[in-house]
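Worksheet: the structure to be examined is printed underneath.
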Amino acid sequence: MGPGAAERFTLREIEPGSAEYTEARRVRYDALYREWGLPRTLVEDADGRTYRHVAAFDRGRLVGYGRLHLEDGVCQIYQVAVARDRRGESIGKLIVNALIEWAREAGRDEVYLDARSHVASFYEYLGFETCGGEFRSRRTGTPHVPMCRRLDRG
């Protein structure tokens, strides 16, 4: 992470239904689905699960998003997205690290995610390992790889 990146961005939890959450949906669509020509409805949260949502802000502008599912023994990161014009500024790293910290605080020993295959190296850089074979997402048809990371208690 570049010098001062952690101080440059504000991370905070956001709630579904808020104006910030609506903006996060736009960032998620633009970052994760638009380039594949996928429908905007994929950012709807109708799967019945409960998530904690974190967003990164730069001077009030929402520039990144991620969420964590912590129910029924599951600890999984979903939909880490950074605004296209803000990639390469360590925003994704800050978001993933915040989600990992929430998992630790919840007493979890391991966290999972399904990474798009072309960004798996980003997650490897953050300490994740591949824990299964490549597959195509049922929702999007895009190639993914399952990844996991053991959590230390430090």
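Observations on the structure shown:
- Positive-end residue of 120, 55, 39, charge dipole of the chain with Cβ unit charges: 39
- Of 96, 75, 148, farthest towards positive along the dipole that unit charges on Lys, Arg, Asp, Glu beta carbons give the chain: 96
- Near the amide H of residue 87, within less than 5 Å, lie no amide hydrogens of residues on another chain or at least 5 residues away, with H placed in the peptide plane.
- Lacking any other cysteine beta-carbon closer than 4.7 Å, the following Cys residues of the chain have no compatible partner: 75.
- Applying the Karplus relation 6.51 cos²θ - 1.76 cosθ + 1.60 with θ = phi - 60° to region 76-91 yields 3J(HN,Hα) values of 9, 8, 9, 6, 5, 9, 10, 3, 3, 7, 10, 5, x, 10, 6, 5 Hz, where x marks Gly and Pro.
- Global form of the chain, assessed from the alpha-carbon gyration tensor, a/c cut-off 1.5: rounded
- Dipole magnitude of region 1-130 about its Cα centre (Cβ charges: Lys, Arg +1; Asp, Glu -1), debye to nearest 20: 540
Quick note: the coordinates plus some simple rules give every number you see, no bench work behind them. Here the structure is a predicted model, which means the values were calculated and not measured. Quick reminder, even Gly has a Cβ in these numbers, built from the backbone with ideal geometry, and neighbours come from all protein chains shown.
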